[in-house]
Structure formats: C-alpha cells, structure tokens
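We did not get these values from a lab; they are worked out from the coordinates using the rules stated. This is a predicted model, so every value here is computed, not measured. Here Cβ is always computed from backbone atoms with ideal geometry, including for glycine, and neighbour counts include all displayed protein chains.
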Amino acid sequence: MTVKEKQDLIEKAILAREKSYSPYSNFSVGAALVTNDGKIFTGANIESSSHTPTVCAERVAFFTAVHSGEKKFKAIAIVGGKSGLPISDFCSPCGVCRQVMAEFADGDFLIIMSNGKDIKDYKLSELLPHSFGKDSLK
Ligand code: THU
C-alpha cells in the first residue's frame, strides 16, 4: 500500500472513531478495514455497563464486513485515545482482535496505526506469531 492509501484509511478510521460509544472507559477507538478489492468497512468501540459485552472497533469492522459477504482483507487502520480529544498516541489491537484478524486474514494482512503525526504498520504475523488457527484443527 502507498503512504497515501494508508493515510486515507487512517482518515476513515478517525471519522469512524466519532461513532464510538464508550461512556465507561472514555477511550474512543475507530477502525477502517479494506478488502482486497478496495471496499472499506468501518467500526468503533461499543461498550456496555456490564463491561464484558463491550466490543472493540476492529471487531465491529470485521464482523460488519464478514456479514456483508466479504472474506478477503488487505489492511486495517486503527486509531484511539481519550474521548473528545484528537489522537496523540498509537493504539495497538488487543489480543482478542488479533485472533479475529487471524480467522479472516493471512499473515501478510497489514495493521496500520497512527498517532496523528506518524504511521506505524505491522504484518499480522508480527503481532500474532505462532498463532492458533483453522489449520491447527486439521
Ligand atoms: N478498544 C478497542 O476498541 N480496540 C483496541 O484495539 C483496544 C481497546 C476499546 C475497548 C474499550 O471500549 C476501550 O477501548 C478501552 O479498553
């Protein structure tokens, strides 16, 4: 992906972050997921007063895309930080979201993060090495 493509995806994640429902943590996260053929699905974290049902932005984006019939993914941009403030630090995906990414994407899937100034990206295989997956059940 070009730097411009990564920046565009980050912009979409920043817009998606505005839809976060996070009154308990006051930490708003936005994600923008792109399929291999260029379709974009976004998500934001949605919390619950009972905490456990809370869903991260990344999983909202993935599950929306999968429910729309998408199966092949290229990259996800993730941004997060204190609600009501612009992002100022990188937001790394939690372990549960990494496992969901591994379910629907291969090791080359790109995870893009921004602190509002710089971009960092990693392959899923770097963030979830030696993962348990479909092949483990064969
Ligand atoms: N959160 C995400 O949406 N994605 C991440 O990668 C890390 C954490 C959310 C979950 C919860 O609503 C809030 O951020 C604080 O943990």
(message) Assuming 0.36 nm per residue, please report the length gained on full extension of the stretch K120 to L85 beyond their Cα-Cα distance.
(response) 10.6 nm
(request) Net charge near P86: determine it from the other residues with C-beta under 12 Å of the C-beta of P86, scoring Lys and Arg +1 and Asp and Glu -1. (result) +1
(message) I need S68, S28 ordered by Cβ neighbour count within 10 Å, fewest first.
(response) S68, S28
(request) Please work out the C-alpha center-to-center distance from the stretch 21-46 to the stretch 101-115 and express it in whole Å. (result) 14
(message) If exposed means no more than 14 neighbouring beta carbons inside 10 Å and the site is in a DSSP loop, what's the longest run of the chain without any exposed chymotrypsin sites (Phe, Trp or Tyr not before Pro)?
(response) 25-131
(message) Over the stretch 3-137, what is the relative contact order in percent, taking alpha-carbon pairs closer than 8 angstrom and at least six residues apart?
(response) 20
(message) Can you compute the modelled spin-label distance between R98 and M1, with each label point 7 Å from Cα toward Cβ, in nm?
(response) 1.9
(message) List the trypsin sites (Lys or Arg not before Pro) within the stretch 1-72 that DSSP assigns to loop and that have no more than 10 neighbouring Cβ atoms inside 10 Å.
(response) K71
(request) May I ask you to compute the full-extension gain from T52 to K71, defined as 0.36 nm times their residue separation minus their alpha-carbon distance, rounded to one decimal in nm? (result) 4.1 nm
(message) Taking θ = phi - 60°, what integer Hz values does the Karplus form 6.51 cos²θ - 1.76 cosθ + 1.60 yield along the stretch 30-40, in sequence order, with x for Gly and Pro?
(response) x, 9, 10, 10, 10, 7, 4, 9, x, 7, 10
(request) First select every other residue whose beta carbon is under 12 angstrom from the beta carbon of A77; then total the charges, Lys and Arg +1, Asp and Glu -1. (result) 0
(message) Using the Karplus curve 6.51 cos²θ - 1.76 cosθ + 1.60 with θ = phi - 60°, what ³J(HN,Hα) values do you get for each residue of the stretch 118-135, in whole Hz, with x for Gly and Pro?
(response) 10, 10, 10, 9, 9, 7, 4, 4, 7, 8, 9, x, 6, 6, 7, x, 3, 5
(request) Could you list, in their original order, any pairs among K19/K138; K19/K39; K72/K120; K19/K117; K12/K72 whose Cα atoms are separated by more than 29 Å? (result) K19/K138
(request) Work out which helices of the chain, taken as complete DSSP H runs, extend at least 18 Å along their axis over the Cα atoms and score a mean Kyte-Doolittle of -1.0 or more, then list them. (result) 3-17
(message) What is the sum of charges, Lys and Arg at +1 and Asp and Glu at -1, for the other residues whose Cβ falls under 13 Å from the Cβ of Y122?
(response) +1
